[in-house]
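J.: I have a structure here, written as structure tokens, and I will follow up with some questions on it.
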Number of protein chains: 2
Amino acid sequence: MAIPKLTAKGTSVANKERVDTRVERTRTTVLAHTYDLLVQDGFSGVSIDEIARRSGVAKTTIYRHWPTRTRLLLDACSKLGVNLEIPTQGTFETDLRQVLTDVAQRLENAGWAKVLPSIMDASERDPDVAKVQTLLQTIWAAPVVRIVEDAVARGEIRPGTDADVVAAEALGPLYYRRWFSRQHIDPALLDRIVTNLCRSLTDAR
Amino acid sequence: MAIPKLTAKGTSVANKERVDTRVERTRTTVLAHTYDLLVQDGFSGVSIDEIARRSGVAKTTIYRHWPTRTRLLLDACSKLGVNLEIPTQGTFETDLRQVLTDVAQRLENAGWAKVLPSIMDASERDPDVAKVQTLLQTIWAAPVVRIVEDAVARGEIRPGTDADVVAAEALGPLYYRRWFSRQHIDPALLDRIVTNLCRSLTDAR
DNA sequence: GAGCTACGCGACGGTAGCGTAGCGTTAAAT
DNA sequence: ATTTAACGCTACGCTACCGTCGCGTAGCTC
């Protein structure tokens, strides 16, 4: 089975064996189309047959690279974990505002906003998916966590601040608007979040 | 087709026509089993065949009452819109704390916590589902909205406060923990939310 | 108790998906 | 240029689901 080799290649860069061009091409093509389908139809709406149809890669070939549909899906999900830029130049307040503005922006445009609910749904029943989702969430929350830690280090906000809690307080309301109440993210809301967080974290309490 | 009659009966209570016992029983049993399956397998995991199997009601009979799978699903979803108790006795702070404690509790136990992501996912692609979801969210957010309005009326918090924004700020972080970061809802988090909201809504700014 | 009507049952046609098998072809590696 | 490995293609068996049809039966209403 091809998986071990591929995994090894992915994780260990030391492995300098040349990889067959065809393999590389197949993998990237399939993953790309899987990602597109994922965004379009959600986690449970992706079928191998459809991927084969669109990508031009034969279904049998796909199964030569991924042992099962779920594995391919999980692999494609990793493409969602883009590295976000982390502002570190300003004060806690300006950094936070910038991050949240970015998030609000991405919530309305980016593909992952359409996919995430389907992943959350799958997570409720499949532990492997849940693991990936938790990982992704860690990545997406990283900017907030980072600027909190930096601000603590600078002595700008209260020491001992739980960055995860701040992430929940900052991102939660935005996510709520996008997926639960399905309302537009008001700039006023964003402003309130930033202002209140700053106040609660800088006051001596 | 039986649907018009049933719908009419459902909406107009004035219609005192006796309803066939068999019809009533079929409807309730099917809905109950649909609900169970919904909670167990999510919106997209429910099949008519499985409902028929479990409920003992013939598939043909189910189709005599609901024209399509989606309609049945939507009907079953309405069972999720339970009426929540709304505390109105205390101060804004105590009321809010109680509501959020309830929500946090329900997030960890109740069935809808397992279903909601699947509904959100379906909402991304099906406008009818989205409509139902928005309605459900309105119901679930009602307690928060209510105590905000009451507190405004009492002059306890700033007039002109946007109850929807407060709902997002209060519920968002809890939802975030349950579905996105998949972390336990820390009592400290709950405390921070309540305290900060109260401060930001009572201060003269 | 007669008549109506909802129900159960078995079967059907059609679609879609998963994952596998065999075989011939092509193109990369050396 | 030869070898070797990946690929495409067709077809398959299997399962699951949707929604429908016809017919006989059981049970409710009046």
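The values are calculated or read from the model by the stated rules, or taken from the named source; none is laboratory data. Remember, predicted model here, so these are calculated numbers, not experimental data. Glycine gets a Cβ as well: all are built from the backbone with ideal geometry, and neighbour counts include every protein chain shown. Please note that ligands, DNA and RNA were not included when accessible areas were found on the heavy atoms of the full protein model with its side chains. Shrake-Rupley method; radii C 1.70, N 1.55, O 1.52, S 1.80 Å.
J.: When the range A:148-187 is examined, which residues are found to be surrounded by fewer than 17 Cβ atoms within 10 Å (Cβ to Cβ), within 7 Å of another protein chain (Cβ to nearest Cβ) and not charged (D, E, K, R)?
T.: Hit for the range A:148-187 is A:Gln183, nothing else.
J.: Kindly provide the set of residues from the range B:54-66 that are open to solvent by 60 Å² or more (accessible area, probe 1.4 Å) and more than 7 Å from DNA strand D (Cβ to nearest atom), ordered by number.
T.: Of everything in the range B:54-66, those that are open to solvent by 60 Å² or more (accessible area, probe 1.4 Å) and more than 7 Å from DNA strand D (Cβ to nearest atom) turn out to be B:Arg54, B:Gly56, B:Arg64.
J.: Just the residues that are facing chain B (nearest Cβ under 9 Å) and within 16 Å of DNA strand D (Cβ to nearest atom), please, taken from the range A:39-53.
T.: A:Ser44, A:Gly45
J.: Which one is nearest to the other protein chains (Cβ to nearest Cβ), of the residues in the range B:95-135 that are crowded, with 16+ Cβ neighbours inside 10 Å and among the small types (Gly, Ala, Ser)?
T.: Per the stated criteria, the residue is B:Ser118.
J.: Ok, one more. State yes or no: is A:Pro87 part of a loop (DSSP other than H, G, I, E, B), in the same structural domain as A:Leu189 (by TED's automatic domain parsing) and surrounded by 15 or more Cβ atoms within 10 Å (Cβ to Cβ)?
T.: For A:Pro87, the condition - part of a loop (DSSP other than H, G, I, E, B), in the same structural domain as A:Leu189 (by TED's automatic domain parsing) and surrounded by 15 or more Cβ atoms within 10 Å (Cβ to Cβ) - is met.
J.: With respect to the numbered conditions (1) within 16 Å of DNA strand C (Cβ to nearest atom); (2) without any contact (Cβ under 8 Å) to a residue 40 or more places away in the chain; (3) of a type outside the set (Gly, Ala, Ser); (4) open to solvent by 40 Å² or more (accessible area, probe 1.4 Å), which one is the sole condition not fulfilled by B:Thr70?
T.: (2)
J.: Okay, next question. Could you list, in sequence order, the residues of the range A:136-147 that are under 18 Å from A:Thr88 (Cβ atoms) and open to solvent by 60 Å² or more (accessible area, probe 1.4 Å)?
T.: Listed by number, the list holds a single entry, A:Arg146.
J.: Moving on to the next point. Please give the helices (runs of 4 or more DSSP H) falling wholly within the range A:1-78 in which 1 or more residues are modelled with pLDDT under 95.
T.: Qualifying helices (runs of 4 or more DSSP H): A:3-11, A:21-41, A:69-77.
J.: Among what's in the range A:100-153 and is of a type in the set (Asp, Glu) and free of Cβ contacts under 8 Å to residues at least 60 places away in the same chain, pick the residue that is nearest to A:Pro173 (Cα to Cα).
T.: Here the answer is A:Asp102.
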